[in-house]
Amino acid sequence: MGLAQRVGVLWVLLTCLATSGSGVAAGTIDLSRLVVEPNPRIGLSFPGSQVRYYPYMAKAGVGVARIAVTWQLIEPERGRFNWRGLDERVGALLALGIQPFLTFESKSDWGTRPETSKVKNGDPIDLGLWTRFVGQVVERYDGDGRDDMPGLKGRVVYYQAANEWESPTNPSGGWIGSGASLIAYVNATHDAVKAADPQAIFVLGGIASFNLDVLLVALDRADFRVQQRWSDTSTTVFDRERIKSPDIRALIDERVMPVLREARYDVADAHLYGPEDRDAARLALLAELSGRPVISAECGGPSRDYGDDYTPEGHFVAAVHRNLNVLAAGGAFCLWFRLGEDDKTTWGNRFTALYTNDAQPKPGVWAFRLLARLLGPGVVPHPLPSGGFELRGSGAPARLAWGQGAAEVQDWAQSGGTPAWCLSDPVRGLLAPMGTDCAGAFIVAGADVARLLSLDP
């Protein structure tokens with residue numbers, strides 16, 4: 001019997017025979033017991049306004065959090081400001097070691113054109129009033145000691161405007177008006193941010209995953225059906241014929257391409273939902289069309305838009321897969337969609353949140369903790385040919401895989417005598433030493449994994 005075979009038999013014996021006093025098999029990694037620090041490469045989008053829940057992000061390893069900055073709420077009347085809510089959220093995030101990511105919403109009863117009031121990106125009546133507001137927000141949180149929020153500890157780096165700007169009917173953002181007016185709006189906002197803080201990073205509002213998929217098919221980079229489910233009986237479907245229609249071509253030529261090429265911004269934003277295996281093509285296309293680095297200020301899974309059901313293991317794997325997709329493409333982070341479950345989201349993304357509506361951790365929390373420990377400074381994920389990723393850059397490489405890629409990682413671990421674990425209980429966050437029952441399950445392997453995921457690393 002060779003060394004690799006002997007090691008494999010030993011893992012099986014440890015899994016089956018040895019137990020600890022807590023009822024967990026010896027050698028098992030309990031992700032629910034890990035204490036992690038906020039990692040700037042792991043993020044979350046829209047944690048809500050109740051700051052008492054923000055420590056849940058820090059406990060999951062979240063290091064960046066996206067919150068909305070709505071003009072109407074902060075300046076309800078021209079010249080009258082109410083900073084209390086935004087100050088509280090920004091201050092709470094910075095106190096936890098989490099970097100705020102601020103998305104401007106120009107919705108205003110007095111400041112935007114009435115005909116654009118149905119979208120969050122209202123068209124300002126006077127761009128000068130809008131940019132004055134933007135500049136005041138940035139000045140308040142730039143940490144330069146001048147006109148800062150009282151007690152500010154740290155600074156805000158990321159600002160964004162024009163969320164999901166492609167459609168005039170998108171209630172999550174949208175833009176009612178011409179492409180030229182949208183470019184003027186984005187450029188004015190960018191310039192106001194940079195005037196107040198030249199070192200700030202300005203992110204163009206994200207493109208929805210549905211529209212990214214339409215772009216891929218329209219530009220002959222992919223050939224698949226694009227759909228979004230609104231309920232268990234209602235689905236919007238775009239086939240190739242619909243996507244190749246003149247109206248879609250006009251939208252691309254008259255709005256999407258001019259904004260990506262002519263607007264001023266530092267980073268582009270791809271919103272990632274639906275099949276995770278589409279992410280690499282989505283991110284590559286947006287990087288090509290924009291000529292900028294790409295992040296994801298909204299990502300989540302598992303999605304039910306393509307007929308899949310929510311499962312605990314699926315939630316764990318989606319959190320790992322989607323985050324590593326963005327990092328492997330060179331993105332700084334992927335901001336997971338929502339901290340807690342509620343019904344204020346699309347039907348397909350109903351279960352992406354990290355916690356239940358009664359604040360109980362879901363399997364994605366354990367996945368985030370695993371990533372917070374494994375993704376140290378300089379560690380870069382590289383896609384594996386059969387699926388999954390190899391983490392390189394600090395110490396021995398580690399490999400993570402699931403589905404078809406799991407067998408390859410298991411073989412790699414056994415052939416090299418490398419320790420490996422599989423996800424034995426996604427609900428409790430348990431990784432058991434690799435054994436015969438790991439076929440197809442999530443697997444993580446590496447010489448340094450036990451140390452990096454130990455209770456006292």
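The residues on offer are Arg369, Arg399, and the sole one that is part of a strand (DSSP E or B), closer than 20 Å to Ala318 by Cα and open to solvent by 20 Å² or more (accessible area, probe 1.4 Å) is Arg399.
Set side by side, the residues Gly43, Gly48, Gly61 differ, and just one is open to solvent by less than 50 Å² (accessible area, probe 1.4 Å) and either within 15 Å of Leu94 (Cβ to Cβ) or without any contact (Cβ under 8 Å) to a residue 40 or more places away in the chain (or both), which is Gly43.
For Trp230, the criteria (1) modelled with pLDDT under 95; (2) more than 25 Å from the chain's Cα centre (by Cα) hold in every case but one, which is (2).
Report whether or not Ala287 is on the phi < 0 side of the Ramachandran plot, open to solvent by less than 10 Å² (accessible area, probe 1.4 Å) and out of contact with any Cys (no Cβ under 8 Å at 6 or more places or on another chain). Considered against the rule, which asks whether it is on the phi < 0 side of the Ramachandran plot, open to solvent by less than 10 Å² (accessible area, probe 1.4 Å) and out of contact with any Cys (no Cβ under 8 Å at 6 or more places or on another chain), Ala287 comes out as no. Taking the stretch 383-394 as the range and being surrounded by 15 or more Cβ atoms within 10 Å (Cβ to Cβ) and in contact with an Asp or Glu (Cβ under 9 Å, 6 or more places away or on another chain) as the test, the residues that pass are Pro383, Leu384, Gly387, Gly388, Ser394. Across the stretch 194-225, the number of residues qualifying as surrounded by 19 or more Cβ atoms within 10 Å (Cβ to Cβ) and either at pLDDT below 95 or touching a Ser or Thr at 6+ places or on another chain (Cβ under 9 Å) (or both) comes to 9. Selection within the stretch 316-359: residues that are in a strand (DSSP E or B) and within 10 Å of the chain's Cα centre (by Cα). The member of this set that is surrounded by the most Cβ atoms within 10 Å (Cβ to Cβ) is Trp336.
Taken across the stretch 271-282, residues that are touching a residue at least 60 places away in the same chain (Cβ under 8 Å), in contact with a Ser or Thr (Cβ under 8 Å, 6 or more places away or on another chain), aromatic (Phe, Trp, Tyr) and surrounded by 19 or more Cβ atoms within 10 Å (Cβ to Cβ) do occur, with at least one present.
Pairs meeting the criteria (first residue in the stretch 340-365 and among the aliphatic types (A, V, I, L, M), second residue at pLDDT below 90 and surrounded by fewer than 19 Cβ atoms within 10 Å (Cβ to Cβ), beta carbons under 9 Å, at least 6 apart or on different chains) are Ala353/Asp342; Ala353/Thr345. For first residues located in the stretch 116-127 and under 12 Å from Pro171 (Cβ atoms) and charged (D, E, K, R), partners that are part of a loop (DSSP other than H, G, I, E, B) and open to solvent by 30 Å² or more (accessible area, probe 1.4 Å) and lie 6+ apart or on another chain with Cβ distances below 6 Å form the pairs Lys120/Lys107.
The values are calculated or read from the model by the stated rules, or taken from the named source; none is laboratory data. All figures in this text were calculated on a predicted structure; none of them were measured in a lab. Backbone-built Cβ (ideal geometry, glycine too); neighbour counts: all protein chains shown. Surface areas here come from the heavy atoms of the whole protein model, side chains and all, with no ligands, DNA or RNA. Shrake-Rupley method; radii C 1.70, N 1.55, O 1.52, S 1.80 Å.
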